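Below is one structure, written out as structure tokens; comments come after it.
The values are calculated or read from the model by the stated rules, or taken from the named source; none is laboratory data. Since the model is a prediction, treat every value here as computed from it, not as a measurement. Cβ placement follows ideal geometry from the backbone for every residue including glycine, while neighbour counts extend to all protein chains displayed.
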Amino acid sequence: MLARRNPVAKLAAALVPTLALLSTLDPLTPALFLAVELALVPLFGMSLSRLARRGWPLLVTAAGVASAQLLFTTGGLAAALGIALRIPAVALPGIVVFATTDPTDLADALVQNVRLPARFAIGALAAFRLVPLLGEEWRVLALARRARGIDAGRNPYAHLRLAGSLTFGLLVGAIRRGTRLATAMDARGFDSGAPRTFARVQRFRTADTVLVLGSVLMALALGAVHLAY
């Protein structure tokens, strides 16, 4: 199963379609990439229904961007469709990789296999683990403001203004939490510069190389189909 592959290999394989799609504007190429990506999702141990629950905001974003492209530019339907297909085609591999990868394994692999600084990798791991707290903090802030009598009701303008205020409060809270986290990590010796050991060794095996090469070959093949038509 591809979900057990090295996190760095999965990340590299996910970046290949992104780089390939940056150079195309037609709707055919992202449609081909998206079809192949959806066909490969079960190989990562992830069902399409689970993917839909995680990725539905992308569909809303793609529809909004395509509508704006169609209404306010002269690119036409083909350009709007190309953008609408490119957004999920670029984002889907990343969603699958992060949904099927343990964050600790990813941080260990970045340090061991890519030789990134441990301070950066572990800091990114800590930040990644704090992301789910943002949703809960948003809910708490909204309830606190409602308890003070601040409610937008049915006024859409008031909703936008309240959302901006909540976003600012969430940003302030995130900065404070990040500062405390950085201080705590330094107090535990993460900035000591001493060589670190790892409880779980992340090995880059032959199957991981095959995964990356397979992604490159897929991108080249789909690019050739685009050039042929």
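Of all residues in region 1-40, those that are in contact with a Leu (Cβ under 6 Å, 6 or more places away or on another chain), within 30 Å of Arg200 (Cα to Cα) and in a helix (DSSP H, G or I) total 5.
To keep it simple, each residue is scored yes or no on (1) surrounded by fewer than 13 Cβ atoms within 10 Å (Cβ to Cβ); (2) of a type outside the set (Gly, Ala, Ser).
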| site | (1), (2) |
| --- | --- |
| Leu143 | yes, yes |
| Asn155 | yes, yes |
| Gln202 | no, yes |
| Ala219 | no, no |
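Looking only at region 19-48, residues that are β-branched (Val, Ile, Thr) and surrounded by fewer than 13 Cβ atoms within 10 Å (Cβ to Cβ) come to 0 in all. Is one or more of the residues making up region 76-85 surrounded by fewer than 14 Cβ atoms within 10 Å (Cβ to Cβ) and either within 21 Å of the chain's Cα centre (by Cα) or among the acidic types (Asp, Glu) (or both)? Looking through region 76-85, none of the residues is surrounded by fewer than 14 Cβ atoms within 10 Å (Cβ to Cβ) and either within 21 Å of the chain's Cα centre (by Cα) or among the acidic types (Asp, Glu) (or both).
Given Gly123, Gly149, which one is in the same structural domain as Leu160 (by TED's automatic domain parsing) and either in contact with a strand residue (DSSP E or B) (Cβ under 6 Å, 6 or more places away or on another chain) or at positive phi (or both)? Break it down into steps so the answer makes sense when it comes.
Values: Gly123 fails: either in contact with a strand residue (DSSP E or B) (Cβ under 6 Å, 6 or more places away or on another chain) or at positive phi (or both).
The conditions single out Gly149.
Apart from one condition, Ala194 fits all of (1) assigned to a loop (DSSP other than H, G, I, E, B); (2) surrounded by 10 or more Cβ atoms within 10 Å (Cβ to Cβ); the exception is (2). All but one of (1) in contact with a Phe, Trp or Tyr (Cβ under 9 Å, 6 or more places away or on another chain); (2) surrounded by 14 or more Cβ atoms within 10 Å (Cβ to Cβ) hold for Met1, so report the exception by its number. So the condition that Met1 fails would be (2).
Here Leu125 passes the criteria (1) touching a Pro at 6+ places or on another chain (Cβ under 6 Å); (2) modelled with pLDDT under 80 except the one numbered (2). Considering region 42-66, and only residues there that are in contact with a Lys or Arg (Cβ under 9 Å, 6 or more places away or on another chain) and part of a helix (DSSP H, G or I), the residue that is modelled with the highest pLDDT turns out to be Phe44.
Given the condition more than 29 Å from Val97 (Cβ to Cβ), at pLDDT 80 or above and of a type outside the set (Phe, Trp, Tyr), answer yes or no: does some residue in region 197-210 qualify? No, because not a single residue in region 197-210 is more than 29 Å from Val97 (Cβ to Cβ), at pLDDT 80 or above and of a type outside the set (Phe, Trp, Tyr).
Just wondering, is there one or more residues in region 57-66 that are surrounded by 14 or more Cβ atoms within 10 Å (Cβ to Cβ) and among the β-branched types (Val, Ile, Thr)? Steps first, please.
Restricting attention to region 57-66, the residues satisfying the condition of being surrounded by 14 or more Cβ atoms within 10 Å (Cβ to Cβ) are 58, 61-62, 65-66.
Now drop any that are not among the β-branched types (Val, Ile, Thr), which leaves 61, 65.
Yes, region 57-66 has at least one match.
Would you mind stating whether Leu51 is in contact (Cβ under 8 Å) with a residue 12 or more places away in the chain, surrounded by 12 or more Cβ atoms within 10 Å (Cβ to Cβ) and either more than 14 Å from the chain's Cα centre (by Cα) or over 26 Å from Asp208 (Cα atoms) (or both)? No, not satisfied. Considered as a group, the residues in region 112-129 that are touching a residue at least 60 places away in the same chain (Cβ under 8 Å) and within 20 Å of the chain's Cα centre (by Cα) include one that is farthest from Ala187 (Cα to Cα), and that residue is Val114.
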